[in-house]
Structures are given as structure tokens and as C-alpha cells.
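Worksheet: the structure to be examined is printed underneath.
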Amino acid sequence: MADLERVGGKNASLGEMIGGLAAAGIRVPGGFATTAEAYREFLAANGLEARIRERLARLDPKDVKALAACGAEVRGWILKSPFPKGLEQEIHAKYQELVELTSSNASFAVRSSATAEDLPDASFAGQQETFLNIKGVENVLEAIRHVFASLYNDRAISYRTHHGFAHGEVALSAAVQQMVRSDLGSAGVMFTLDTESGFRDVVFITAAYGLGETVVQGAVNPDEFYVHKPMLEKGRPAIVRRALGSKLQKMVFGASGETGRSTRVVDVAEAERNSFSLNDDEILELARYAVAIEKHYGRPMDIEWGRDGADGRLYVLQARPETVKSRKREVEERYALKGSSRVLSQGRAIGHKIGSGAVRVVADASHMDRVRAGDVLVTDMTDPNWEPVMKVAAAIVTNRGGRTCHAAIIARELGIPAVVGCGDATRKLKDGQAVTVSCAEGDTGNVYDGLIPFEVSSRERGEMPPVGVKIAMNVGNPELAFEFAQLPNAGVGLARLEFIINSIGVHPKACLEYPNLPASLKTKLEEKSRGYADPRTFFREKMVEGVATIAAAFWPKPVIVRLSDFKSNEYRKLLGGERYEPEEENPMLGFRGASRYIAPSFRDCFELECAAMKKVREELGLTNVELMVPFVRTLDEARQVLSLLSRNGLERGRNNLKIVMMCELPSNAILADQFLELFDGFSIGSNDLTQLTLGLDRDSGLVAAGFDERDPAVKALLAMAIRACRKQGKYVGICGQGPSDHPDLARWLMEQGIDSLSLNPDTVVSTWMALAEAPAPDAGKKSATA
């Protein structure tokens, strides 16, 4: 890295890794670099420096057409200029050395490395060119000349102007690096943090078949993987989440090693599209590389990698500082829609913002001057050429691309919401149509019809005042867990397994009965479970991934996972549900919770849940997961469920497993002392407790006005349950909606001596501050923070 001013960030980093990380087992392909001095000598020898300076001085970079004309003219001058004789001779000599170390048929990547590139506060991502599979010294020389010219691409000129870099102060170094045969394998990008939330305890890996350029450019929707660093360090198989990308195309070597004809794009076979492009061992090896690189550099990193299909090995192709999410945010903004509308298109959400405006469908970069400030840019895919107009758009929507493509990186850097990989955006969205682009609802980005109002709230990060109760969170959506974990919290008081099952979208019984299913259901299930060994494995692993993501986000704080509490009408909505579920007059009081687990018709489905929870705790090592049993009507039901859990490897107390019961029926509070002999504590479900105490159907709008958790009868049962837990020295928390909606109820519960309040994430800070202003609980009562 001491050579950064001589060879730019990219090449300095390659040399740093070859010299400093080989001992850690990290393989980096070798090569050589031309220096910034060589670039300046090239300009001087051809009298270009003054000509370029004068030409750029007359340019208005906001004029897209003028920018294109200026860039083309300057690049033309460079491409027509010969190399100084000494420089050309040195390149010949170094190329020959590489060939002797490899083979006469070896091919090389010729990459750019600008002296202002890959700095901690500016990415310059993709501003200059890369040429792959270049063979022969004459073709290498031609590629270097194109790399030099690419310093004056339209996008590079615009980017430097936008970030305040003087054009003449930036020089270029060219890397000539031996190619990894990822055209026969796979490649991608990985970050040592979550790119959307900035969460630091994961490695985020994207992967697709062929050369990595398709992932970087956003030409494919890649596979995605998250690896939990703390469990990786403990030697656990720490993959907490997977997402199968469509991977429709791949870039492979072309027949020629010449610039412009050295690669080609081909379709990916269906079997490969339906499989993950990395196996688990490879994912974990890459994650270990990422952690070692981050530790060496002492900061979050953005890393390109390749898997050589010829030798089967993994290589790091380059590493640069991550420049967006690693910046310390003193003020945190949160966006929320204040209405709803029809969803026109969906893709991967980039960032957490919301933008709205008129759609501008643009076929290619040559027409990007049609985009005006405040428009929503919609196109097939963006590349660095689009950067001049990206910064004026209210939002960006693309058909293709994943969350580590160039467009995503630049959108984050500019603070613009983007939805990538929609597949059909240019067809579904019409030019001039008013839309709202929301990235504030998890991993899925939604493009809504019309201009929906939204609000932006902000708060300064800082220490929260002490309160006499632990503040936990209710988290259902794993896609938001990394973001929520950065709020002040004491863990998760309620992680709803049914939310995860709903996102799987399949009735577990259908997965268990596969392949003995009707043809149409079987086909749909096979489509859903692509990438996994079979539907049963798919269902179990998706439960594992959902729970593991939440547990990893909040590690090592406790995460209480409520075992599934779907009612029959909710299960019927899942794929295959109508085949297995009864039609009940009142599902709220029917086949749900503990009674469902022990029923012969559902027991094998519950055992699938048990297998998933056991894997999360014992294989992945996320022992902060605790279990909660919902809707336990009788003591006998409680005993049967605990026995079933034990038979499936989830014995209370084993490996420090805590099992609590949801206290949500009047019978639970009335017989609290006896229920607590069986469980490690109570988590109070105030929604059902209020419903069943007052005899109100909480799904009925006709009686909704009478639903109030603060009713004296409900509070009497709440107090009874809290007293029983305190008497036995057992945990008691509340995870119902009440404390989130009513700060006065939260204060009352704190005064009763409840251990924790589990709140909806959007009410955590406001409720916390309200409690801090309340009088402290009586001195004789136990403080939950003690």
C-alpha cells in the first residue's frame, strides 16, 4: 500500500495481498503494473496533457451531450498515440517473464487502477475499463492503451467533477494480471459487512457462473449468501442465509485474445440456473478469506473473487475499501410509507429509502439525456456510463442486476433508492407514469402505482438513558434483522416462526408428502424448492436460514423464537394448504398452537420445525435462540409438547436451552404457578389475553372499539402472571402489541416488575424515552437491568 501514489489503489492492494496474505492461504493471481509515472510520460511524449486540460476547461459536465462529445474526442487522441519506446520495451520484457512463469497460451486481465481510485472515501467503482482474456503482447499493449483512454470515459469525467477531483491530478496504472479460469467455474463479489444496513458481523457473498464481470456490471441476478463472522471464527458452518439467483447468462472466453473479441456471453443451462454456483465449503472458504483481508486492512472491504473451473481453487482478484456503509452515521434516517397502492414491479431493494416521480424508460445510455431531475430512471441494466444522470434521479429501477452490481454501489453512494433485478420493469412501467419506489420494506423493493405519501424520521445515534426494564424487539422479517439490530435493544422477545413459514409459501405437509402429490402441485413445489436437495430439505433449511439470520443479527443477546402459531385459515393460504387444512368457523379458537403440535395429523410437520431449531442451535452454534410454545390450553398439553420437543433433541436445559410459554389465555394466568413448574418463564401475549378475557374477536371490526389491553380485568391477569414469575424467580416478559401502542401500559408493566418489554421496532426509541422520564419502580422491586 506504500506504492498507492505510484500504481493506484487497485494495484497497490493486489501487491499488498500477494506480499502480506499468502501466508494466510489467500491466492492472488500474479502479474505486473505500469506506474503513474509511465502514464504521465505517455501523455507528455504525445503532447496530450495541455490539450486535454484545455478541452476539459470548456466543458459543462451537466450537459450530457457535450460531455459525450468531449470524452470521445479525448479518448480518440489517446488511442492514436504510440507508447514511448522505453515503456514499450519494458512491457515486452515483463510480459515475457509472465509467459515463462505460466505458459505461452496464458491469458491476462488488463485492468485500470487510478491513483485516486479505491480510496476510503470514494470508490470510483467501474469508472475505468477492464479487458479480460487478452493474449499476446501486442494485444496487451493495445488493451493498456484503451485502459489509459478510459480515464476520460464520460462517467469518469463526470464522477471526478462531482467529487471535486482535479482531472490532471489523477493518473492511471494498468494491471496485467494472470486470468483465473472462472469462465469454467464461477465468480462474484463479497463484502465484509451487509451492504444495505452496514451490519458488521456478516460476510455478504454474491456468485454467478462464468467471469465475474457480469456480476459487477449487473448483467445477471446472482446467488447470495450471508456468513456469520462470530460463528465462522468458532469453526461452525456459519452460513445463515442463501438466495438463489436466476443466473440466466455467463461470460466466457472468446476465441480471440484481442480487445473487443476476447469474451462472449452465453446462456446458462437450466440445471445450473437451478443450482447454487458455490457449495457450502467454498462459501465458508471465501468468508474466511474475507475476514482475513478485513483484519489485514483494518476496515470493511469490497472484494472480487473467482473460482477456477480447471483447478477448482478460489482466488481473490482484487480488494478495495468499502466506501458507503462503513462510514459512521451520526444521524439515522428511517423511511415509512403512509399509504398503499398496487405493486407494479418488484426486485432487490438497494438501501432503505423511498423515492417517487415520473417514470423515464431509457433503452440505453445514448438516450440518458431524457432523464430530468426527480425522474425515476427505468432501464434494463445500468453500467458506469449512466453515472452522469444517476445522481439527478429520484430512484432507479432495473430489469437486471444484483445487490453488488455497479449500479447498486453507485446508488448507495449517491443515497438514491434503487430496485434492481426486477426482470420486467421496462415492460410493466410506462414512460411518464407516476410511481413510488420503496426500499423501506426489507430485501424486496416495490414499485407502486402513483405517488404514495411517505415520512422520513431521523434521530441522532447515542447512548440511551437507563430504564428499570429491558427493552427487546418483536422481529418477524429476517430481511430487516440486520437493520433492526442496530437499534438499542436487549435482544428479541418475539421472533415469529410463522412469518418465516409464510415467506416460504408452502404447507409443510406438501413437502413431507413429496413426490406423492398431484402433478400440478408437484410441479409448483419443485419450482419453489430449486437449489435444494428436495422439498423437505428446502422447507427445513428455509426455516433454519430465517431463524439463523435473526439470531446472528442479535448475537449474543437472547432471541426468543415462537414456534409456529398459524391458524387453519392461514395455513390454507399456503401452497397445498387447501389439501390439508380444515375449514373452521372460528380458527382463532381452533386448531392452533400446542394442540396442533401434538395432533397426529400435524406432528410430523412440527418435528420438521424441531429439526430446524436443533440445527440452528447445535450445528450453527447460535445458542442464543430460546424457544416459546404458544397457545397452551392445559397443563396436559404443556407436558405433551415438552415431551415431544425432548424426543426431537430440544430438551429443556440441554445445551442451556430455555423454553418459555406464551401466557395468553386466562387459564395460563390462573394456573401460573403450575405452568411455571414446567417452563423457564412466561412471555405474555396481550393480544390473545385481551381477546379471551373480554370475549372480543380481535379480527372483528364490529367490536374493535372495546379492545383495550388496559382494561382492569386484563390488567388483573397481567399482574397475576407477573407475580407468579417473580415468586418463582423466573423470566417474565411481554411481546404483545399493548406496550407498543400504549406508553402508559408500558410504564404500568415496568412498575409491576416485569423483566422485559418486547416492542415493535418503530416504537423502541420513543417508548424507551417515555419510560426514562417515568418515576423509577419501587425500591423493593427487582430491576430487570440489575
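The values are calculated or read from the model by the stated rules, or taken from the named source; none is laboratory data. None of these values were measured; they are calculated from a predicted model. Virtual Cβ from ideal backbone geometry, glycine too; neighbours counted across all protein chains shown. These accessible areas exclude ligands, DNA and RNA; they are computed on the full protein's heavy atoms, side chains included. Shrake-Rupley method; radii C 1.70, N 1.55, O 1.52, S 1.80 Å.
Expressed as a whole percent, the accessible area of the chain that falls on carbon and sulfur atoms is 48 (1.4 Å probe). Averaging the Cα positions of each part gives two centres, and for segment 402-418 and segment 667-741 these lie 45 Å apart. Put simply, the Cα atoms of segment 687-773 extend 38, 31, 18 Å along their principal axes, the longest span coming first.
Pop the C-beta distance of residue 573 and residue 769 into the FRET formula with R0 = 45 Å and round what comes out to the nearest 0.05.
Using R0 = 45 Å, I get an efficiency of 0.70.
Look at the dipole of the chain built from charges on Cβ: of 718, 529, 215, the Cα furthest out on the positive end belongs to 718.
From the Kirkwood radius over Cα pairs of the chain, Stokes-Einstein at 37 °C and 0.692 mPa s returns a whole-number translational diffusion coefficient of 115 µm²/s. What the Cβ-Cβ distance of residue 697 and residue 280 gives, at R0 = 56 Å and to the nearest 0.05, is a FRET efficiency of 0.75.
Suppose accessible area is computed on protein heavy atoms with a 1.4 Å probe; arrange 372, 320, 710 from highest to lowest. Write down the numbers at each step before the final one.
On the way: 372 145, 320 25, 710 80 Å².
In descending accessible area the options line up as 372, 710, 320.
Which whole-number percentage describes the relative contact order of the chain, with Cα contacts under 8 Å and a sequence gap of 6 or more? Relative contact order for the chain comes out at 10 percent. Backbone N atoms of segment 654-672 closer than 20 Å to the 7 Å Cα→Cβ label point of residue 635 belong to residues 659-672.
Per-residue ellipticity at 222 nm computed for the chain from its helices equals -10500 deg cm²/dmol, with DSSP H segments shorter than 4 residues left out and the rest contributing -39,500 (n - 2.57). For the chain, the residue among 244, 15, 477 whose Cα projects farthest onto the positive side of the dipole built from Cβ charges is 477. Under a cut-off of 23 Å between alpha-carbon atoms, report the lysines in cross-link reach of residue 715, not counting same-chain residues fewer than 8 places apart. Result set, ordered by chain and number: 470, 727, 730, 781, 782. Sorted from greatest to least, the principal axis extents spanned by the alpha carbons of segment 184-319 come out as 45, 31, 30 Å. Projected onto their three principal axes, the Cα atoms of segment 574-669 cover extents of 42, 36, 19 Å, largest first. Evaluating 6.51 cos²θ - 1.76 cosθ + 1.60 at θ = phi - 60° for every residue in segment 66-72, the Karplus couplings come out as 5, 4, 5, 5, 5, x, 4 Hz, glycine and proline recorded as x.
Annotation: extensible slack from residue 656 through residue 313 equals 119.5 nm (criterion: 0.36 nm per residue apart, minus Cα-Cα distance). Each part gets one Cα centre, and for segment 454-521 versus segment 635-655 those centres are 24 Å apart. Using a cut-off of 21 Å between alpha-carbon atoms, which lysines can reach residue 295, once sequence neighbours fewer than 8 places away in the same chain are excluded? Answer for residue 295, where 21 Å is the Cα cut-off: 10, 229, 234, 325, 328, listed by chain and number. Using 1/(1 + (r/R0)^6) with R0 = 56 angstrom and r between the beta carbons of residue 256 and residue 704, what's the FRET efficiency to the nearest 0.05? So, using R0 = 56 Å, E works out to roughly 0.20.
The slack between residue 271 and residue 519, meaning 0.36 nm per residue of separation minus the straight C-alpha distance, is 87.2 nm.
Between 0 and 90 degrees, the angle of helix 48-57 with respect to the longest Cα principal axis of the chain falls at about 50 degrees. Solvent exposure of the chain amounts to 39 Å² per residue of accessible area, where only protein heavy atoms count and the probe is 1.4 Å.
What do you reckon, how do 92, 162, 406 stack up by accessible area (1.4 Å probe), largest on top? Don't skip to the answer; put the middle values down first.
Numbers: 92 65, 162 90, 406 10 Å².
Putting 92, 162, 406 in descending order of accessible area: 162, 92, 406.
Name the residues of segment 467-504 whose amide N is less than 14 Å from a point 7 angstrom out from the Cα of residue 719 along the C-beta direction? The answer is none. In a fully extended conformation the segment linking residue 102 and residue 41 would gain 19.0 nm over its present Cα-Cα distance, using 0.36 nm per residue.
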